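Asks: Quick one: the structure is below, questions incoming.
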Amino acid sequence: MRIVSLFSGAGGLDLGLKQGGHRIVWANDFDADAVKTYRRNIDTNIVFANINEIDFDGIPSADVVVGGFPCQGFSMANLNRGIDDERNQLYKAFCKAITIVQPRFFVAENVKGILSLDGGSIIKRIVNDFQNVGYLVSVNKLNMADYGVPQTRQRVVILGQRIDIADSMVLSLPVQTHSKKGSPAPWISIREAIDRFPDPDEPNDVLNHVCSSYKVEYRNFTGHRQTDPDKPSPTVLARGNGKGGVCAIPHYNGKRRLTIRESAAVQTFPDDFEFFGKLGSCYRQIGNAVPVAFGRLMGEELNRADSLLSFKESYDAGNIAI
């Protein structure tokens, strides 16, 4: 299907959707480094601009609109989060895009903090706005570790389906592939994900295999928790405004932070995916991304839902007899 991608960042979700068989026809982000990374690895059709300056009437038609509208205002790590944070209003640009493009489906990803913001009233408002422009909506909390991502990354995925094509939701989350209990497969540990990489201080030709020299100190706070090699990584983090210090996850050897390449592997980016920008920018691009592995599974689910709806439309039109 044809996909329009908003708040694309470095393109983790988009790459996964491409792996799932779809075509990104238009993308947008306002971070110059992320746009350079996207153009190098995914496609040159990404538009570098603030989303509030985009004329949505001029973008291509699409079957699906996707995007993770900025989450820093919603994040549990943001102790000052609140309804007035301007980043919490950017979902309205997403809503405007689907109103104009009228895709069959939309997929929006965000942090779990969006569910509790202002006592839960904000997620209700967001859902109501999507419903008011003609979409059935489901809000889903998930752990990316359940989808083969070596990371306990809890996120919210909002799914939408245009109400005129079916009176009930056909689109859903992908079927879980892993679990903490081991069925259908056990969670993937961080050791399994990154143990193949050499020590970054030794001579090597691994792409982006460099790390912050920021001292490892264990505290019960984001980016400072101890990493267990036999469990999935803690959540790979980002500082969306480029400030606030280093937030790279400690390596399980306790001696250093994860490199850019290791962090990308935890987010399931392929090893030949090249990131551009200074160290902090690369960490931020990775932390802001949707894991590629989940994007691929979501792409496969979009295929399933589209095929089911296409069958229903043909049956209703009398083109299929049972």
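Asks: Over the C-alpha atoms of the range 173-237, what are the Rg and the largest Cα-to-Cα span, Dmax, in Å?
Replies: Gyration radius and largest Cα-Cα distance of the range 173-237: 15.0, 42 Å.
Asks: Nearest 10 degrees is fine. How inclined is helix 279-288 to the longest principal axis of the chain, computing both from alpha carbons?
Replies: Taking Cα atoms only, the helix is inclined about 40 degrees.
Asks: Using only Cα atoms, figure out Rg for the range 81-181 and give it as a multiple of 2.2 N^0.38 Å. Walk me through the numbers on the way to the answer.
Replies: On the way: Rg = 14.6 Å, N = 101, 2.2 N^0.38 = 12.7 Å.
Rg over 2.2 N^0.38 Å, computed on Cα atoms: 1.15.
Asks: Please compute the Cα-Cα pair-distance distribution of the chain with 20 Å bins starting at 0, giving whole percents from short to long.
Replies: 32, 58, 10, 0
Asks: Once both axes come from the Cα atoms, what is the angle between helix 121-132 and the longest principal axis of the chain, in degrees from 0 to 90, rounded to 10?
Replies: The helix 121-132 is inclined about 40 degrees to the chain.
Asks: Mind checking Rg over Rh on the range 128-235, alpha carbons, Kirkwood formula for Rh? Walk me through the intermediate numbers first.
Replies: Working: Rg = 19.5 Å, Rh = 17.2 Å.
Computed over Cα atoms, the ratio is 1.13.
Asks: If the cut-off is a Cα-Cα distance under 20 Å, which lysines reach residue 255, setting aside same-chain residues fewer than 8 apart in sequence?
Replies: Excluding near neighbours in sequence, the set is 215, 231.
Asks: Further, regarding this structure: So what's the angle, to the nearest 10 degrees on a 0 to 90 scale, between helix 32-41 and the longest Cα principal axis of the chain?
Replies: Taking Cα atoms only, the helix is inclined about 80 degrees.
Asks: Follow-up. Give the longest segment of the chain that steers clear of trypsin sites (Lys or Arg not before Pro) in DSSP loops with at most 13 neighbouring Cβ atoms within 10 Å, not counting the sites themselves. Walk me through the numbers on the way to the answer.
Replies: On the way: sites that count: 180, 181, 196, 215, 219, 243, 255, 278.
The reported range is 1-179.
Asks: For the range 1-47, what ratio Rg/Rh do Cα atoms give with a Kirkwood hydrodynamic radius?
Replies: 0.92
Asks: Using DSSP, restrict attention to beta bridges with both residues in the range 107-216 and report what percent are antiparallel, rounded to the nearest 5. List each step's numbers first, then the result.
Replies: Values: 14 of 15 bridges.
Once the DSSP bridges in the range 107-216 are tallied, antiparallel ones form about 95 percent.
Asks: Taking the mean number of other Cβ atoms within 10 Å as a proxy for protection, how do you rank 226-232, 146-152 from highest to lowest?
Replies: On the way: 226-232: 15.9, 146-152: 21.9.
In decreasing order of mean packing, 226-232, 146-152 become 146-152, 226-232.
Each value in this text was obtained by applying a stated rule to the coordinates, not by laboratory testing. None of these values were measured; they are calculated from a predicted model. Don't worry about glycine lacking a Cβ; one is built from the backbone with ideal geometry, like all the others, and counts go over all protein chains shown.
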